[in-house]
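Values quoted throughout were computed directly from the atomic coordinates according to the rules given, and no laboratory measurement underlies them. Model, not experiment: these values are computed from the prediction. Here Cβ is always computed from backbone atoms with ideal geometry, including for glycine, and neighbour counts include all displayed protein chains.
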Amino acid sequence: MRVLVLGGTFEAGKLADLLAGQSGISSTLSFAGRTNALRAPQIPYRIGGFGGVEGLQAYLEAERIDVLVDATHPFAEQISRHAAIAAARAKIPLVVLSRPAWVAQPGDHWIDAADMAAAAAALGRKPRRVFLTIGRLQIGAFAAAPQHSYLIRTIEPLALSPNLPRHRVILGRGPFAVEAEEKLLREESIDVVVTKNSGGEAAFAKLRAARQLGLPVVMVARPRQASGPVLHDPAEVMAFLHRHRAALPRGV
Ligand SMILES: NC(=O)c1ccc[n+]([C@@H]2O[C@H](COP(=O)([O-])OP(=O)(O)OC[C@H]3O[C@@H](n4cnc5c(N)ncnc54)[C@H](OP(=O)(O)O)[C@@H]3O)[C@@H](O)[C@H]2O)c1
């Protein structure tokens, strides 16, 4: 059985570890190629876009892929949409591997925002000190709220300086410790945290730190998932793949 895993996440890496050395399952992990710090998996991998839905469908057919696993980030909206359409056109099952969203706990002060523009508006008129941890791609939305001072944390340096009069960029890659996050929020006199609801443990510490300090968090909601059964655990995906393999006609 041939499996293509669309990756770029911690969970996709974990699934690749489980797939490594599985007899009877030949798998490939696909990366978009956005990051320089790629962690090479133990299974074959490829890097770069497919060229839209048509390109992905052509790849699935040329490589005779039996199952497509979408293990991309919950905010990687376009590739997930393409995956759903291409899998349907190639007539193969699609499985979505996605970490559960964070849910507010007692003591949290979350302000829900539907998207980045809403998050920028939710900061209000009064100048505030904002900890912005939303990745690199959508920082531009905060140009609409230039009155605030932004502490921006990204994994890799920004290609272009953001169009924000008061900002500073720091680099950091999770997992982060709650104590260190709390220290950062205190030392930088942060008033409010902005984050995407990515879920997972690696980036959760800032939310716990904000809770402890009583700080509000502007939480940007996930885009709607395109389709397909959503599994939260790489082991569940393995179980799905084994079931599917058992159901394939003999000789496949
Ligand atoms: N968005 C986030 O917050 C975030 C956070 C952490 C990690 N990531 C990872 O970073 C990658 C890019 O995210 P994004 O939000 O820029 O994606 P996106 O907007 O959904 O996708 C843009 C294009 O990038 C290509 N692409 C994306 N993921 C790919 C993959 N795994 N393999 C091959 N091509 C891929 C596709 O190009 P073609 O149309 O040419 O096929 C896709 O149309 C994803 O793999 C995602 O898992 C994203």
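Here are some notes:
- Over the chain, relative contact order from alpha-carbon pairs under 8 Å, at least 6 apart, %: 22 percent
- When each of the peptides 60-69, 32-41 is scored by the mean number of other C-beta atoms lying within 10 Å of its residues, the order from highest to lowest reads 60-69, 32-41.
- Adding -39500 (n - 2.57) for every DSSP H run of four residues or longer, then dividing by how many residues the chain holds, sets the calculated 222 nm ellipticity at -9000 deg cm²/dmol.
- Based on the convex hull around the alpha carbon atoms, the chain presents an average projected area of 14.1 nm².
- Nonlocal amide H pairs with His167, under 5 Å, H built at 1.01 Å: Tyr150
- Acute angle (nearest 10 degrees) that the helix 52-62 long axis makes with the longest principal axis of the chain, alpha-carbon atoms: 30 degrees
- Contour minus Cα-Cα distance for Arg89 and Ser227 (0.36 nm per residue): 48.3 nm
- Under 29 Å, Cα to Cα: Lys pairs in the chain, sequence gap 8 or more or different chains: 9
- Per residue Cα convex hull volume in Å³ - calculated over region 2-99: 87 Å³
- For the chain, the longest principal axis of the C-alpha atoms and the axis of helix 10-19 are separated by about 20°.
- Residues whose amide H lies under 5 Å from that of Asp112, counting only those 5 or more places away or on a different chain, are Met219; hydrogens are built 1.01 Å from N in the peptide plane.
- Of the trypsin sites (Lys or Arg not before Pro) in region 178-252, the ones in a loop by DSSP (not H, G, I, E or B) with at most 12 other beta carbons within 10 Å are Arg224, Arg250.
- Taking label points 7 Å from Cα along the Cα-to-Cβ direction, Leu213 and Ala246 give a separation of 5.1 nm.
- Axis angle, to the nearest 10 degrees, between helix 178-187 and the longest C-alpha principal axis of the chain: 30 degrees.
- Centroid-to-centroid, using Cα positions, region 143-214 and region 41-85 are 31 Å apart.
- For region 110-143, applying the loop criterion from DSSP together with a ceiling of 13 other beta carbons within 10 Å to the trypsin sites (Lys or Arg not before Pro) yields Arg125.
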